[in-house]
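A.B. asks: To start, I am sharing the structure in question, which I have written as structure tokens.
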Amino acid sequence: MTNSSIGYTWLIFALVTVVSWGLYGIALHTGQIGMNDPVNGRYKAFFVVGIAYFLTAMLGSALVLWLNGAHWDFPMKGMVWSLVAGLVGSIGAFFVLLAFGAKGSPAVVMSIVFAGAPIVNAITAISLHPPAGGWTSLRWQFVLGILLAAAGGCLVSLYKPNPAPPPQVQSSSE
């Protein structure tokens with residue numbers, strides 16, 4: 001691998017995440033519907049998502065740790081923050097299901113989530129790790145990006161496409 005390709009490895013990983021998380025909401029909604037249980041289908045779908053998280057998070061990372069010859073010590077600070085990360089991630093996923101159950105469409109719910117989450121992330125990251133010069137040193141392009149993300153989520157929500165009409169049932173009297 002050349003030095004220039006190493007510099008973009010993170011971008012490939014980030015783009016795979018974009019595609020994965022971009023498909024997450026609609027896959028979750030489709031799984032919920034596929035459970036054929038209007039009352040508990042979303043919770044059944046989330047239960048199966050938990051199995052997928054187990055397979056990926058536990059078995060996948062254990063394999064990579066083993067292949068990398070990692071030491072199996074887990075400092076408390078790292079464990080606590082990692083647990084918090086897992087909790088806020090799974091709470092978010094659970095509330096996506098609740099939003100679907102409250103008749104939110106996947107296109108709108110996920111647009112709000114994916115427009116809002118970067119804003120929360122940016123503000124939290126800057127609060128925890130302030131830039132040199134403080135908040136007043138933020139470049140106007142960064143602030144504009146935050147505002148555009150908010151505007152994008154709002155526009156998608158306000159001007160979502162109308163759903164297709166249900167298919168007409170033909171009578172059998174012919």
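The values are calculated or read from the model by the stated rules, or taken from the named source; none is laboratory data. Everything numeric here is computed off the predicted structure, so don't read it as measured data. Counting neighbours? That spans all protein chains shown, and the Cβs are built from the backbone with ideal geometry, glycine included.
A.B. asks: For the stretch 142-174, what are the residues that are part of a loop (DSSP other than H, G, I, E, B) and either at pLDDT 80 or above or within 24 Å of the chain's Cα centre (by Cα) (or both)?
C.D. replies: Selection gives Y159, K160, P161, N162, P163, A164, P165, P166, P167, Q168.
A.B. asks: A further question on this structure: Being surrounded by 11 or more Cβ atoms within 10 Å (Cβ to Cβ), more than 19 Å from the chain's Cα centre (by Cα), assigned to a helix (DSSP H, G or I) and free of Cβ contacts under 8 Å to residues at least 40 places away in the same chain narrows it down to one residue among L65, L59, L23; which is it?
C.D. replies: Result: L65 is the single residue among L65, L59, L23 that is surrounded by 11 or more Cβ atoms within 10 Å (Cβ to Cβ), more than 19 Å from the chain's Cα centre (by Cα), assigned to a helix (DSSP H, G or I) and free of Cβ contacts under 8 Å to residues at least 40 places away in the same chain.
A.B. asks: Quick one: what pairs do we get from the stretch 108-129, first residue free of Cβ contacts under 8 Å to residues at least 60 places away in the same chain and farther than 15 Å from G152 by Cβ, second surrounded by fewer than 18 Cβ atoms within 10 Å (Cβ to Cβ) and aromatic (F, W, Y), C-beta under 8 Å, 6+ apart or different chains?
C.D. replies: Final answer for the pair search is I126/W135.
A.B. asks: Taking the stretch 31-51, which residues are closer than 17 Å to F94 by Cβ, polar (S, T, N, Q) and either outside any helix (DSSP H, G or I) or without any contact (Cβ under 8 Å) to a residue 24 or more places away in the chain (or both)?
C.D. replies: Across the stretch 31-51, the qualifying residue is only N40.
A quick yes/no check of all residues on (1) among the aliphatic types (A, V, I, L, M); (2) surrounded by 10 or more Cβ atoms within 10 Å (Cβ to Cβ); (3) within 20 Å of I112 (Cα to Cα):
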position: A70; (1), (2), (3): yes, yes, no
position: S82; (1), (2), (3): no, yes, no
position: G89; (1), (2), (3): no, yes, yes
position: G92; (1), (2), (3): no, yes, yes
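A.B. asks: Additional query: Which residue, of V88, V80, is farther than 30 Å from A164 by Cα, within 15 Å of the chain's Cα centre (by Cα), part of a helix (DSSP H, G or I) and of a type outside the set (K, R)?
C.D. replies: Numbers: V80 fails: within 15 Å of the chain's Cα centre (by Cα).
Criteria check complete, one pass: V88.
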